[in-house]
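Notes follow the structure.
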Amino acid sequence: MLLTNCRTDPLGISNFKWRMAEHQIDDPKIAFAYLRPSCVLLTKEPTCTNVEALSGHLCSVSDGALQQLQDYILFPLRFVLKTPGPKREGLIQAVMEAMTYVLENTCVQRWESLRDLFSELCLCLCSPQDPGKPATASEELKISVLGCLDTLLHSAYGDIVFKLYEPSMLPGLGAAVSLLLALAEQEKARSVQTASLKCLLSLFLQCDCKKEHIEPRQHERYLLGSALATFLPGISRALSLVVSGDVRQGHAVTVKSMRFWYKTVGLVMADEQLEKTGIDKAAGDLGRVGELIVKRTPSWRKATSQRLAIVLQKIISCTSAHPHWKVRLELVNLSHHLLSQCSQSVVECVGPLLEALVGAINDEEPEVKNKCNTALDDVAQKSQTNGRQDFTDVLSENLHNLASSLPRLMRTSDDQRKLFVLNVFLGYLKILGPKIDVVLTSAVHLERISKALMQVMELDVTDVKIIEEKSLTSSADLTPDVQQIPSQRKYFLYFTDDKIFSALRKICRMLGYYGNLYLLVDRFIELYKESSVYRKQAALVLNEIIVGSAGIGVETDTLSQPKTNEEDLKSSIMSIIEEYISLSNWHLPTVSEALEGNPESTVLSVNNNVELSLQLLPASKPQTLHQLNSNIWQICIQLEGIGGFALALGTDFSLLLMRSLYPVLEKAGDESLLISQVAFNAMCDFCKACEYSSPKELVIKNSDYLLNDVSLNLARPSVHPHAPRVLAVMFTHSDASLLPLVADVVQDVLTALDLSYDQRTPQFCSVLNSLMKALVTWFPNTTGHQKPPTKETQNNTCVSLKQFLLDYKKQKEFAEGIGVEDEDPDDLDIPPPELASDEDTEGPAVKKELPLHIQIAKDVMERCIHLLSDSNLRIRLKVLDILELCVCILREQEDELLPMVHRCWPALLHRLTNDDPLAVPRAFKVLCVLGDSCGDFLRKRVSKEVLPRLTTNLLKQAEISTRSGSVYTHTLAYKLQLAVLQGLGPLCVKLDLMDADLDHVLDACVPYLSCRQPIRLQEACLSVFRSLMDLDSDLCWFILNQLYCPVVYDPPHPLLLPVKLSGVNKPRNQFTDNILKLLQELDGEPENGEPENQTQTLHMTDNRPSYSTSRC
Amino acid sequence: MMARPPPDPLYILRGSGASVNALHFCCGGDGPPLLYSGSGTGAVHVWNLSTRRAERVLESHAGNSVIWLHTLNNSRSSLISQGRDMRVCVWDLSEGRNAVTDSLHTGSVGFCQCSLLESQPGSTLLAHPTQHMEEVSVVEMSSWTQVCSLKLDSNLGMLMCMKMWQADSGPVLCAGYEDGSVVLWDVSHRRPFSRLKVHPEPVMSLDVDVYRQKGISGSSEKILQSWMLDNKKSLQMHDSVQMTNPGVSQLQIRADGKILASAGWDNNIRVFGWKKLKPLAVLQHHTDIVNSVAFSDHQDPTQRLLAAGSKDQRISVWSIYSES
């Protein structure tokens, strides 16, 4: 009791403490004696100090004593108020506090006291000049007066308080009400507004504070109702103004005014009161007061109800989407209260009230939602027990109206309002529950609802970025991870807030959950087919309907299982998927025709050449861009749908994989980044649904289904151009276990390639490329073809001259011998003798069975031979890549490799010598790999056919590159030089080139030792020398020394001739730095600790000094 | 009106790992429709046609080629297989078992497929080739007791193919021989009804439409020849149809007697109208000889499929002329 008014009464706190500390006076007589002096003093001198003194004394008196002395104590206080003339605010405030204290702890038992106090307090509030208007007093004063008034009303005895509402009191009451309303409406301070609203609630016994309240009986309620009826227009007007006021006024004010309004309406319009209008006649001769009394006749009820509906609409519109949840909660209370108290009297309001209630059913604040649920249950139950069927009718009627106005609302209102409207929609569906089915069977309803959804969910496809974004990582490089890429946000024409989209999705799911699945799917498939305008939205809706019908993401009160049975769901999903992936809906153009038409530029766009594709896009056709954009979204939505269907069906989706995995994989390889991402997400959904750990496992485990489609579609490249793409994706995701199945399809690929040579070659090339890449990773080459370098001459730390000569001679003969045997090209078509002997043992017709991957590599290489001469540069480049991979695979079976190399040599040679500067370095790289794999075999060809050209070219370019500036490093010629120099060293080593060839190579490289060359060319050249030093260190030493010789060599014995090197005594030149570097490396190999020159044996052969160095 | 392009296969069954020699559908009973296939390396695959995957693989006939497969009593759990190891095996596949419950040594090294006749319940006759190249032996399955041995005195050459069925008069067997003749045997009386020299080359395959009393045979030539059985059970030449390429591995008339399918050596499956032998379609998919064709016996006519097994290790499944 004590604590309640503490906030407005700081004194109370001190009182409280004081009273806790000391014993209170119980005896009224003693109390009287105790209080009397201060009362007398106050009457004589009405000052603040005296009031406070009295207050101080009051605290020491017990409640019982206080009650007996109530009038006595109140008298001086009221006397202060009644004294004419202006009074200081502080004094009045002190008086208020003292009165509040007394009233709080006592009861008002006499009607006269109540009436007088009431009117005196009201007088304190109004301005002395104009009693109808609030006084211009301070905020604090008003609060304390209002607090006192509130306390007075609380402390009034139940048997006297109802006299307040008797007709004779109406004028006074009216004045008070209008005064309080004026305060609530006009006052700036929130606390005053709240306090006056609280007062109003107390005044009509509707207070909701924690204190004890009088519970009015029926006839008393009737009394209250008729009194309030008089003030209803004023109350409604004022409160609707308050409610619709600035949001900044704070939720408390709004909540309180709403409460006072609906409590008032609830009393005035209560069904139980209006049923028996007869009591009203009791009004006798009241004179003018009689005019104030409202007779609640049926006609009055009707008129009032209509007016109330207008006010209600206003209140709902201001509060339904109010940012503060307590306001929304109060709206629920309002609807609930009015629906349960006076649904029959305010018929016009039932619709809006239901709408408001339903709108809160999906409120984000759980308390509001819960409250709303109980309220709805209560309302629904009441309406059912009342035997009124119209509840469902009202709902379905409301739903219909809402669906009709939905598109307009979505276009015109703000996001907050849209969200509310959609929540209402959803709420209706929720309340209708299983009855949705009945509503939807009405063609009109279905038509309205479906069309509304189509219009509302129209996508905004103007975002050009989507087309431009090409998948930078080709699908083949997707990480084998179940982690989904966050999906791209959809942009809608009529709203931006994501919450709105999510509300729409919930609506669709709810429809799917309760509605007849076949009916819905039929309807939306129909819309899907009807017009391309609806197609995306229809797909969106279908996606959600299916998910909803599986019971996913549907909030229901009951935990019942989804009523849709598995078979229905499956067959619906099947029919939707079939529709989605049908040719005309799946293979929509997503790349501008200008690009698609020209195979060359298609390749470019595959290569992510964004700038180029932008240039080529016709700028004059913005609709086309939108169309493409729309197509991209269309495909994405369908992909999302298929992913969602998988989740809806769970493991049962496994059977549908045979139909849907291929199309999805097809899109996973799409050039559009968005599509490929969404497709990947769909794959992740498949994994989740069918319990695969990763997309990789998904692909491997279902490779049979995929290959089935791939091989069928390979045969029809014009209708299904993407089979190679899918195959490429498969190769990336699978492992060697796939090979037997793949081998089968590879034959199809090759056949298809042979049949459609020109148009589809780029695609097939990328398939073959990914195939060979996969093979290389599946079968890592264990038997590397690296021969240990033959360095017999260098094995001995010190060789005698004679031994050296003998070795040299032997080696030279040996080398020439092998060269002759191996390099006769005519022998190459004859299979090697050991193979022939195999055939003898196994029978004449049986050819030795090759391992599958070797056979495939061979078959592919066969095609490369032809494609190497393709007119399209990009294809030639791709084929060179493939060729390199083929060689890597085939190197483990030299018998197979060499004949193939022989066959493709002419074409490769052409690439090396006569092709585009882009192709030559690539071809040279292949040559290096070939050299690595079959060195000896190529030696003669390289030295005869390739080296001369390369060296000539190098020499020729050397002159240019010495003179060029830094820009030169961006030219193709430079890149070619660099590639050749970088590869030349290892190539020479692998081919084990000798004498004249080495001379050529060294001669061609020497100019690149110049410090005037670009630095990377110098480095590359140094690497050539380093490689050649392994091969023939003497030759290198000699050539270097001829250019620049840092030391003079004195013969160790006078009989030997002095060494004369042309580089001796040459001045420092452009080559000096690099030569010194190389000579240092040549001499100072770290493993051998012996100092150089000491063990050198010098000899002259072929007019050239040969060295046997002390190196290993 | 332009002819429609031939359809694509509905799907391909891969993974038999060897050439496919024999096919047999089984759609009766509970569960998904099945297709049994016998391979060149003795493996019998049981394909689930709902998942399109091999449900199980039976290793049979000691790695020798399986040349004929059939279910017994139209039950999916009991299978009979003939292999080139000169044996006929009976399998119990029920409840996940895969055991050979019975087997018969035929002694035949040839390619001639057996023929099964389930005339009365409990009595099943099996006609099989024997070690004597011209001889047909008919045995009672339950005990393997020989019912009769059919052999002509004149030299017809090796037995190539046969079909046995139940006529009013008793079991009848039609057999094709190496010299190109077709002989109609009265099994009960162990004597030939009639003999007709149909082809100059060996008869590779034949099938008989019992209802229309009409049969068809093919050899290594370009022609398919149909013949009639008149009232006196004598064979008469009836009609013929030319093909582009020579050689037929197998001929099958669909159970409804509407179409005929041929497995060609030219890698193609050909479909003819059975009534007038009108060529209807050439189904191209295989990259090697087609060894076998089979029609499914599904209850629902729209789900009746055609399967073809080829030396290229694939089985192609087609849905053709199944609408009406």
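Computed from the coordinates by the stated procedures, all read-outs in this text should not be read as laboratory data. Just so we're clear, the structure is a prediction, and the values are computed from it rather than from any experiment. Cβ: placed from backbone, ideal geometry, glycine included. Neighbour counts: every protein chain shown.
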Open item on the list: Ratio of alpha-carbon Rg to the 2.2 N^0.38 Å globular estimate for segment B:78-181, to two decimals, please.
Closed with: 1.10
Task: Overall dimensions of segment B:3-153 by Cα: Rg and Dmax, Å - done: 16.4, 53
Task: Under the Karplus curve 6.51 cos²θ - 1.76 cosθ + 1.60, θ = phi - 60°, whole-Hz ³J(HN,Hα) for segment B:253-259, x wherever Gly or Pro sits - done: 9, 5, 4, 7, x, 9, 10
Open item on the list: Taking the beta-carbon count within 10 Å as an exposure proxy, list A:ASP670, A:ASP997, A:ASP415 from fewest neighbours to most.
Closed with: A:ASP415, A:ASP997, A:ASP670
Task: Rounded to whole Hz, the Karplus (6.51, -1.76, 1.60) HN-Hα couplings of segment A:637-644, x for glycine and proline - done: 4, 5, 5, 4, x, 4, x, x
- [ ] Give me A:HIS1053, B:HIS286, B:HIS298 ranked fewest to most by other Cβ atoms within 10 Å of their Cβ, as a rough exposure proxy.
- [x] A:HIS1053, B:HIS298, B:HIS286
Task: Hits among lysines - C-alpha to C-alpha of A:LYS87 under 18 Å, sequence gap 8 or more where chains match - done: A:LYS44, A:LYS142
- [ ] Return the whole-Å distance between the Cα centroid of segment A:1055-1074 and the Cα centroid of segment A:40-106.
- [x] 125
Task: Listed pairs A:LYS82/A:LYS326; A:LYS263/A:LYS382; A:LYS371/A:LYS688 exceeding 31 Å between Cα atoms - done: A:LYS82/A:LYS326; A:LYS371/A:LYS688
Open item on the list: Let's test the formula: R0 of 41 Å, r as the Cβ-Cβ distance of A:ALA815 and A:ARG963. What FRET efficiency results, to the nearest 0.05?
Closed with: 0.55
TODO: Excluding residues fewer than 8 places away in the same chain, name every one of the lysines whose C-alpha is closer than 18 Å to that of A:LYS1077.
DONE: A:LYS1066
- [ ] Take the eigenvalues of the Cα gyration tensor for segment B:38-108, scale each by 5, and report the square roots as semi-axes in whole Å, largest first.
- [x] 20, 14, 10
TODO: Report, by chain and number, residues whose modeled amide H sits under 5 Å from the one on A:PHE492, excluding near sequence neighbours (fewer than 5 apart, same chain).
DONE: A:ASP460
Task: Where only C-alpha atoms are counted, convex hull volume of segment A:639-698 per residue in Å³ - done: 61
Task: Cα-based equivalent ellipsoid of segment A:32-170: semi-axis lengths in Å, sorted from largest, via gyration tensor - done: 23, 21, 12
TODO: Provide the three semi-axes, in whole Å and in decreasing order, of the ellipsoid equivalent to segment B:1-88 as defined by the square roots of 5 times the Cα gyration tensor eigenvalues.
DONE: 25, 17, 13
Task: Ordering of A:241-250, A:879-888 by burial proxy (mean other Cβ atoms within 10 Å per residue, highest first) - done: A:879-888, A:241-250
TODO: With no solvent and one equal point scatterer placed on each C-alpha of segment A:114-184, evaluate the Debye formula and give log10 I(q)/I(0) for q = 0.17, 0.21, 0.25 Å⁻¹, two decimals.
DONE: -0.61, -0.91, -1.22
Task: Pairs from A:LYS878/A:LYS975; A:LYS302/A:LYS430; A:LYS163/A:LYS314; A:LYS858/A:LYS878; B:LYS151/B:LYS275; B:LYS233/B:LYS278 whose Cα-Cα separation, in the structure shown, is over 23 Å - done: A:LYS302/A:LYS430; A:LYS163/A:LYS314; B:LYS151/B:LYS275; B:LYS233/B:LYS278
- [ ] Just grab the label-to-label distance for A:HIS910 and B:SER77, each label 7 Å out from Cα along the Cβ direction, in nm (one decimal).
- [x] 6.7
Task: Cβ charges +1 (Lys, Arg) and -1 (Asp, Glu), total dipole of segment A:95-139, debye - done: 140
Open item on the list: Run the simple label-point estimate for A:GLU166 and B:GLU135 please: 7 Å along Cα→C-beta, distance reported in nm.
Closed with: 13.2
Task: Residues of segment A:421-459 with amide N under 16 Å of a point placed 7 Å along Cα→Cβ from A:SER317 - done: A:421
Task: Whole-Å distance, taken between Cα centres, linking segment A:665-704 and segment B:215-288 - done: 45
- [ ] Would you order A:MET772, B:MET237 from fewest to most other beta-carbon atoms within 10 Å of each residue's own beta-carbon?
- [x] B:MET237, A:MET772
- [ ] Describe numerically, in nm with one decimal, the distance between label points set 7 Å from Cα along Cα→Cβ at A:ASP999 and at B:ASN98.
- [x] 7.2
Task: Computed P(r) (all Cα pairs; the protein assembly as shown; 20 Å bins; percent) - done: 8, 21, 21, 19, 15, 12, 5, 0, 0
Open item on the list: Between B:VAL210 and A:GLN855, what's the calculated FRET efficiency when r is the beta-carbon distance and R0 is 56 Å? Round to 0.05.
Closed with: 0.75
Task: A:GLN109-A:ARG489 FRET efficiency (beta carbon distance; Förster radius 56 Å; 0.05 resolution) - done: 0.20
Task: Most mobile of B:VAL208, B:VAL290, B:VAL57 in a GNM of chain B (Cα contacts under 10 Å) - done: B:VAL57
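When each pair of different Cα atoms in segment A:141-266 is counted once in the 1/r mean, what is the Kirkwood radius in angstroms, to one decimal?
The answer is 14.6 Å.
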TODO: Measure out, as a whole number of angstrom, how far apart the alpha-carbon centroids of segment A:717-776 and segment A:941-982 sit.
DONE: 36
